[in-house]
């Protein structure tokens, strides 16, 4: 555990000035800020629709979730997975990294966990800022009815599903970024995979859940609500989430063997 902790701290110091790190913070701030500004600007039109509190929260939170789940999240994960490993490729420091008095698994696991942590921070900020900005809108426009419904269930469940569904993409892209040091190959494969995943998820192909890149979109699209239950209170561990976790575990193990071979070159 001590070796893992040291490796995690090392990853933070190496990447704290990279775009991948700051994107985890800036993406939620920018997107939630723009959506909130849009709601504030169109306040009269929105109020005129007389949305019930639950539906108003669904429209507001769904704006960010839709953008993230169907487009930005897959591309961010692809770029971030490349960025974490590109630090070693760019400086040609793989041998130096594994020459440290730390076990190889801790070094590899720290890189992977750091990438997972960046995704978690990004989505945690999305959920937190959505909740906070919703109540800020309520304070600025008292005629809104955000304060008449508690959206924590939809926010926690939705962003938990988005987080877990992204692990399959992360694990696959992590391997690709280990195999190739150049930008185009892993990013190109990821781009094609994301487009294919979005299309198959939208057309409802029955085997779309087998494509890791389709899982974020499917995780927000496929929900099963109990009769008479809250339509925003849906289960987290659905089929696509389990598939993502299976991909993550298998590819994490494969990635470890790849990186240990790389270390002795």
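Every condition in (1) in contact with a helix residue (DSSP H, G or I) (Cβ under 7 Å, 6 or more places away or on another chain); (2) at pLDDT below 85; (3) more than 21 Å from residue 62 (Cβ to Cβ) is met by residue 265 except one, and the failing one is (1).
Here the condition is being buried (at least 16 other Cβ atoms within 10 Å of the Cβ), touching a helix residue (DSSP H, G or I) at 6+ places or on another chain (Cβ under 7 Å) and modelled with pLDDT of 85 or more; of 84, 77, it holds for 77 alone.
State whether the residues of the stretch 98-111 include one that is at pLDDT below 90 and within 15 Å of the chain's Cα centre (by Cα). There is no residue in the stretch 98-111 that is at pLDDT below 90 and within 15 Å of the chain's Cα centre (by Cα). Within the stretch 179-206, the residues that satisfy the criterion of being more than 20 Å from the chain's Cα centre (by Cα) and either in contact (Cβ under 8 Å) with a residue 40 or more places away in the chain or more than 23 Å from residue 252 (Cα to Cα) (or both) are 179, 181, 183, 203, 204, 205, 206. Checked against the criteria, residue 30 counts as in a helix (DSSP H, G or I) and closer than 21 Å to residue 163 by Cβ.
Of everything in the stretch 38-59 that is in a helix (DSSP H, G or I) and free of Cβ contacts under 8 Å to residues at least 60 places away in the same chain, the residue that is farthest from residue 130 (Cα to Cα) is 48.
Filtered by the rule that a residue be touching a residue at least 40 places away in the same chain (Cβ under 8 Å) and surrounded by fewer than 18 Cβ atoms within 10 Å (Cβ to Cβ), the stretch 60-71 gives 66, 71.
The values are calculated or read from the model by the stated rules, or taken from the named source; none is laboratory data. The model shown is predicted, which means the values in this text are computed figures rather than measured ones. For neighbour counting, all protein chains shown are included, and Cβ atoms are generated from backbone atoms with ideal geometry for every residue, glycine included.
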